[in-house]
Amino acid sequence: MSLLKKLFGNKGKSEISIPQSDQSSYFPNEKAPTDEKFTYNFNKNGGKFLYCITMDETLEAFKSILEENNIEESDIYCINEQLGPRFNNAKFNYDKVKDNSFFLTTCESLIANDGSILLSSNQIKEKKLNELPTKLIIFATTSQLVDSISEGLRKIKNQSKNLIPSNITTIRDFETDKEKDFMSYGSSTKNLYLLLLEDL
């Protein structure tokens, strides 16, 4: 064997092994399901998420929220009078917001792309978000999950036919103690619980 071969080895026969991965980092990730995307983004925004399979589970979760926050049923402010019977309760306050009220409402859609909640005058009448209590309980179903705000707006338009609701807005900031930046300027922070009922 020559001295050069001993020093540099046999380059003709050597092979460089490159580790192969299942998927290149330059390929886009597979599209995550809408429910997974919403759950991730909603939790990232600071929301509290309670998934329920039956209405009985939803009622139990609702009672747990009241106990955890040490509030009475009469401190629940509710605009939608149809929610009272749904939660087997006639003690809700339908008149005005008290100092320590929780606001119970439904929503139009749950937006997966940013983990926000889409509301309209169907849920909040003509009130601005900052006029509502800082503590919210949203009752929603899995059929209300959509990918984007535009899909949520399209859903409102299709359901409303001739009378499109006004005051359409989203809530996305659920951490009251989070330090604000310029991206959250003008947004109304809410301490939000989501009761999500499986209906699909």
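No value in this document is a laboratory result; all are computed from the given coordinates. Because the structure is predicted, anything quoted here is derived from the model rather than measured. Because the Cβ atoms are built from the backbone with ideal geometry, glycine has one as well, and the counts that use them run over all protein chains shown.
Between E36 and T142, residue separation times 0.36 nm minus the direct Cα-Cα distance comes to 37.0 nm. Residues whose amide H falls under 5 Å from that of L145, counting only those 5 or more places apart or on a different chain, are L110, with hydrogens built in the peptide plane. If R0 is taken as 22 Å, the Cβ-Cβ distance between D199 and N100 corresponds to a FRET efficiency of 0.10. Counting Lys and Arg as +1 and Asp and Glu as -1 over every other residue whose Cβ lies under 15 Å from the Cβ of N70, the net charge comes to -3. Calculate, in nm to one decimal, what K91 and K128 gain on full extension: separation in residues at 0.36 nm each, minus their alpha carbon distance. Fully extending the segment from K91 to K128 adds 10.9 nm.
Determine the sum of side-chain charges near E151: Lys and Arg each +1, Asp and Glu each -1, restricted to other residues whose C-beta is under 13 angstrom from that of E151. The partial results should precede the final answer.
Numbers: positive: K37, R154, K155, K157; negative: E108, D114, D147.
Cβ neighbours under 13 Å give a net charge of +1.
Length gained on full extension, T54 to K155: 33.9 nm, using 0.36 nm per residue less the C-alpha separation.
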